[in-house]
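K.L.:
Got a structure for you, written out below as structure tokens; questions coming shortly.
The values are calculated or read from the model by the stated rules, or taken from the named source; none is laboratory data. All values reported here derive from a predicted model rather than from experimental measurement. Cβ placement follows ideal geometry from the backbone for every residue including glycine, while neighbour counts extend to all protein chains displayed.
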Amino acid sequence: MRFVIENQRMSGLRSGSLLVVAILIFAIGALVFALSHLKSHRIHAGSVAVIPFLHEPSDPDLVPLCNNVSQQVEDGLARIPGVRLIHGAASLISPNKAVDPQAIGVVLKTDTVVVGKIERERDHLIVRTDLLNVADGSQLWGAQSEYPVGTSAQQIAAPILQNVLRKLTESP
């Protein structure tokens with residue numbers, strides 16, 4: 001009888017030890033996963049760069065408007081807590097040259113980039129804007145809007161900024 005009781009006690013200790021080992025293995029695995037996940041998503045969460053807006057080369061009168069819209073969007077993003085604005089996109093490209101926004105984003109180590117183009121059609125402006133994910137090149141948001149010629153950069157930039165911020169602060 002004594003042998004059976006000791007055998008049951010040893011069996012209980014083994015089960016308890018196996019449970020502790022299993023919990024430790026699970027905890028270590030979870031820690032390794034969390035650390036590797038954090039490394040692959042460096043602290044650039046919420047970072048964005050604004051690539052200067054493009055215009056038709058045949059319409060150099062749009063240069064100041066394109067520059068001002070880009071600057072207005074950048075300034076607005078800089079004022080938002082939690083959004084990391086990455087400067088330097090303008091210094092990496094030639095004025096009004098089409099670029100690979102994903103490549104610019106990689107160089108700047110940012111999560112997202114805002115790109116845009118302004119064109120004139122008769123008496124109105126067509127503004128195309130996109131927010132792109134640098135990791136995979138996907139479009140997170142995009143819009144095309146029309147404005148009368150003479151619309152200020154601030155009036156054009158305000159809805160762009162509002163939509164970009166909405167997208168950047170959305171829960172995944």
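K.L.:
Take segment 73-117 and flag every residue that is modelled with pLDDT under 90 and within 22 Å of Pro60 (Cβ to Cβ).
P.N.:
Hits for segment 73-117 are Ala89, Ala90, Ser91, Leu92, Ile93, Ser94, Pro95, Asn96, Lys97, Ala98, Val99.
K.L.:
Then there's this: What number goes with the only condition from (1) modelled with pLDDT under 95; (2) of a type outside the set (Gly, Ala, Ser); (3) surrounded by fewer than 18 Cβ atoms within 10 Å (Cβ to Cβ) that Asn68 does not pass?
P.N.:
Result: Asn68 fails condition (1) only.
K.L.:
Taking the conditions exactly as written (touching a Gly at 6+ places or on another chain (Cβ under 8 Å) and either at pLDDT 85 or above or exposed (fewer than 13 other Cβ atoms within 10 Å of the Cβ) (or both)), does Arg42 satisfy them or not?
P.N.:
Spelling it out, it is not the case that Arg42 is touching a Gly at 6+ places or on another chain (Cβ under 8 Å) and either at pLDDT 85 or above or exposed (fewer than 13 other Cβ atoms within 10 Å of the Cβ) (or both).
K.L.:
Inside segment 93-172, counting only strands (runs of 3 or more DSSP E) that do not spill past its ends, which hold 2 or more residues that are touching a Phe, Trp or Tyr at 6+ places or on another chain (Cβ under 8 Å)?
P.N.:
By residue number, 112-121, 124-133.
K.L.:
Would you point out which residue out of Asp123, Asp130 is touching a strand residue (DSSP E or B) at 6+ places or on another chain (Cβ under 7 Å) and surrounded by 13 or more Cβ atoms within 10 Å (Cβ to Cβ)?
P.N.:
None of the others qualify; the one that does is Asp130.
K.L.:
Return a yes/no flag: does segment 123-135 have any residue that is among the hydroxyl-bearing types (Ser, Thr, Tyr) and over 18 Å from Gly76 (Cα atoms).
P.N.:
No - not one qualifying residue is present in segment 123-135.
K.L.:
Would you mind telling me which numbered condition in (1) over 30 Å from Glu170 (Cα atoms); (2) modelled with pLDDT under 60 Val63 fails?
P.N.:
Exception for Val63: condition (2).
K.L.:
Can you list residue pairs whose Cβ atoms sit under 8 Å apart, with the first residue in segment 105-130 being not assigned by TED's automatic domain parsing to the domain that holds Asp61 and the second being surrounded by fewer than 20 Cβ atoms within 10 Å (Cβ to Cβ) and part of a loop (DSSP other than H, G, I, E, B)? Count only pairs 6 or more apart in sequence or on different chains.
P.N.:
If the second residue must be surrounded by fewer than 20 Cβ atoms within 10 Å (Cβ to Cβ) and part of a loop (DSSP other than H, G, I, E, B), no pairs are left.
K.L.:
Of the conditions (1) without any contact (Cβ under 8 Å) to a residue 60 or more places away in the chain; (2) surrounded by 13 or more Cβ atoms within 10 Å (Cβ to Cβ), Gln162 fails just one. Which one is it?
P.N.:
The one condition Gln162 does not meet is (2).
K.L.:
Something else: Could you list, in sequence order, all residues of segment 62-107 that are under 18 Å from the mean Cα position of the chain (by Cα) and basic (Lys, Arg)?
P.N.:
Arg79, Arg84
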